[in-house]
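Peer 1: The following block contains the structure, expressed as structure tokens.
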Amino acid sequence: MARIVLKFGGTSVGDIDRIRNVARMAKAELDRGNEVAVVVSAMTGVTNQLVGYVESIAPLYDPREYDVVVSTGEQVTIGLLALALQQIGARARSFTSWQLPVRTDEAYGKARILEIGTEAIVAAMREGVVAVVPGFQGVGGEGRVTTLGRGGSDTSAVALAAAIKADRCDIYTDVDGVYTTDPRITDKARKLPMVTYEEMLEMASLGSKVLQTRSVELAMNHRVRVQVLASFRKGPDGAISFDVPIGSDLPGTLVVDEDEIMAKGLEQSVVSGIAYAKDDVKITVAAVADRPGVAAALFGPLAAANVNVDMIVQNVSLDGKSTDITFTLPKSDLPRARAELDKAKASLGYRELTVDTNVAKISVIGVGMRSHAGVALKMFETLAAKGINIGVISTSEIKISVLIAADYTELAVRALHAAYGLDAD
Ligand code: ADP
Ligand code: ASP
Ligand code: MG
């Protein structure tokens, strides 16, 4: 007997047939004698629609009310899945995040889970009841609804698995594993049987949203055994089939420690994946004073407004008096960031602020980079050969990222995928 958490994303619960399929898969695990909790997302498209409603009423919305609205999609699916399970003879009940509770901080719209109450859910699971839990939502210290950021259901699932000390956390989605790059970009992408927590963390944070970044962080810190699997298959004609394997040791992707990969004698390639992200904007603040404290004055208000700045470059000052600072941040934070920068214009004294929304960040990731030279050079040469200009560069021990014009995203990803020898035969 094992205690397991199954997580199904939006496409896996996208219509009533798919919800019935999820019920069947959860019941199969129950029938094997396992204790089962299921975390579900909102039906595909629902969260986007809810976000659209909020933004059309208030572009600079109150994030507390945003969370009240966008958290509702998951509440629909927990009820429907519990009903579908009951219909096929399984005992099941839903738990909203305030019933468990899933306690978070008060960073509305991107809250972090602090603690999960496990008493009621574990008691239900022990009695053979499937516990159905909404992903994405929590409850803040003020007793108000919070959400965990887009894609947050992965994090709900891993956090729950850690809290109830589950043996496994199976993340079912519309792809059968983690690939060397987004399979939507190239059919030459290859499935990775295993990926290290570290690489997955970089891949997720750099745009491979098959797992939310925070979920990988949690899995790594709590040593949760995560595998990525498909809940359905798509035939060449686009027809959906629910004939997929269920259970442990499946041919999906296991997210593991580097040691486990070494122990299996699997060879680590230098580069294991290429990621891209198109959801950032590039802002250049031109002609700000080149003196101590300017960067703090610029980024302080953005941090206070909960805006996450990513890449930053400050150019050399040509006249010794002023300089340009370029940085990127999520598109969704742009209205808030612009409002803050407009407010700070007088104190910062910059000449002009330009926003470029047509940018993409392309990243090459691999733990093998630590011990191999020339990885960055290959990236620059490959992009140069395709005539792609690089705007901003940033590196860490196991990744290199560049900012390019968004129109070249597919071309860049495919060229790099081939250049690093990742293409499937
Ligand atoms: P869910 O709704 O189940 O949470 P997501 O859409 O969030 O699913 O994540 C699955 C998608 O992630 C896939 O359809 C795929 O296009 C995309 N993706 C991006 N990068 C990768 C990658 N490296 N490997 C697999 N899938 C990826
Ligand atoms: N429904 C939420 C979203 O679309 C959470 C999730 O699907 O993981 O972002
Ligand atoms: Mg997702």
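Laboratory data are not the source of any read-out in this text; all were calculated from the coordinates shown. Note that the structure is predicted; figures quoted are calculated from it, not measured. Cβ coordinates were reconstructed from backbone atoms using ideal geometry, including for glycine residues, and neighbour counts include every protein chain displayed.
Peer 1: How big is the gap, in Å, between the Cα center of the stretch 232-257 and the Cα center of the stretch 145-177?
Peer 2: Taking the Cα centre of each part, the stretch 232-257 and the stretch 145-177 sit 17 Å apart.
Peer 1: List, in order, the whole-Hz ³J(HN,Hα) value for each residue of the stretch 321-326 obtained from phi through the Karplus relation with A = 6.51, B = -1.76, C = 1.60 and θ = phi - 60°; use x for Gly and Pro.
Peer 2: For the stretch 321-326, the Karplus-derived couplings read 10, 9, 8, 10, 10, 10 Hz, x marking Gly and Pro.
Peer 1: Give the percent of DSSP beta bridges with both residues in the stretch 107-230 that are antiparallel, rounded to the nearest 5.
Peer 2: Just about 45 percent of them are antiparallel.
Peer 1: For the chain, what are the DSSP H helices with axial Cα length of 18 Å or more and mean Kyte-Doolittle hydropathy of at least 0.0?
Peer 2: 72-87
Peer 1: Assuming a viscosity of 0.890 mPa s and a temperature of 25 °C, what translational diffusion coefficient in µm² per second does Stokes-Einstein assign to the stretch 282-361, Rh being the Kirkwood radius over Cα pairs?
Peer 2: Value of D from the Cα-based Kirkwood radius: 193 µm²/s.
Peer 1: Let me ask something else. Run through the DSSP bridge list for the chain and note the antiparallel percent, rounded to the nearest 5.
Peer 2: Antiparallel bridges make up about 60 percent of those DSSP assigns within the chain.
Peer 1: Hey, another quick one. Which order results if 96, 118 are arranged by neighbouring Cβ count within 10 Å, fewest first?
Peer 2: 118, 96
Peer 1: Between residue 115 and residues 5 or more places away or on another chain, which pairs have amide H atoms under 5 Å apart, with H built 1.01 Å from N, and which residues are they?
Peer 2: Hits under the 5 Å cutoff: 103.
Peer 1: Moving to a separate point now. Please get the size of the charge dipole for the stretch 190-266, origin at its Cα centre, with Cβ charges of +1 on Lys and Arg and -1 on Asp and Glu, quoted in debye to the nearest 20.
Peer 2: The calculation lands at about 300 debye.
Peer 1: A follow-up question, please. Between 276, 298, 261, whose Cα lies farthest towards the positive end of the dipole of the stretch 241-310 when Lys and Arg beta carbons carry +1 and Asp and Glu beta carbons carry -1, centred on the Cα centre?
Peer 2: 298
Peer 1: Determine ³J(HN,Hα), in whole Hz, for all residues of the stretch 170-181 in sequence, where each value follows from phi through the Karplus function 6.51 cos²θ - 1.76 cosθ + 1.60 and θ = phi - 60°; x replaces Gly and Pro.
Peer 2: Couplings: 9, 9, 8, 9, 9, 10, 8, x, 8, 9, 4, 7 Hz.
Peer 1: Sorted from largest down, give the three principal axis spans of the alpha carbons of the stretch 26-168, whole angstrom values.
Peer 2: Result for the stretch 26-168: principal-axis Cα extents of 49, 29, 21 Å.
Peer 1: Work from the charge dipole of the stretch 1-81 (Cβ charges, +1 for Lys and Arg, -1 for Asp and Glu, about the Cα centre) and give the residue of 16, 34, 57 farthest towards its positive end.
Peer 2: Towards the positive end, the residue furthest out is 34.
Peer 1: Can you give the helix-only mean residue ellipticity at 222 nm for the chain, where every DSSP H stretch with n ≥ 4 adds -39500 (n - 2.57) and the sum goes over all residues, rounded to the nearest 500 deg cm²/dmol?
Peer 2: That comes out to -10000 deg cm²/dmol.
Peer 1: Okay, moving on. Sorted from largest to smallest, which semi-axis lengths in Å does the alpha carbon gyration tensor of the stretch 70-145 give for its equivalent ellipsoid, taking the root of 5 times each eigenvalue?
Peer 2: Equivalent ellipsoid of the stretch 70-145: 24, 15, 7 Å, largest first.
Peer 1: Which whole-number value in Å³ per residue fits the convex hull of the alpha carbons of the chain?
Peer 2: With only Cα atoms used, the chain gives 158 Å³ per residue.
Peer 1: For residue 278, give me every one of the aspartates and glutamates with a C-alpha distance below 17 angstrom, ignoring sequence neighbours fewer than eight places off in its own chain.
Peer 2: Here the aspartates and glutamates satisfying the reach criterion relative to residue 278 are 182, 202, 310, 333, 356, 407, 410.
Peer 1: Provide the convex hull volume over Cα atoms per residue for the stretch 197-349, in Å³.
Peer 2: 200
Peer 1: With +1 on each Lys and Arg Cβ and -1 on each Asp and Glu Cβ, how big is the dipole of the chain about its Cα centre, in debye rounded to the nearest 20?
Peer 2: Using only the charged Cβ atoms, the result is roughly 340 debye.
Peer 1: Net charge near residue 244, counting Lys/Arg +1 and Asp/Glu -1 over other residues with Cβ under 10 Å of its Cβ?
Peer 2: Combined, the nearby Lys, Arg, Asp and Glu give -1.
Peer 1: Show me, bin by bin at 10 Å from 0, the whole-percent P(r) of the stretch 118-178 based on Cα pairs.
Peer 2: The distribution over the stretch 118-178 is 18, 47, 30, 5, given as percents.
Peer 1: Sticking with this one: Within the set 361/399; 282/361; 7/209; 321/343; 7/165; 331/361, which residue pairs have Cα atoms separated by over 20 Å?
Peer 2: The answer is 321/343.
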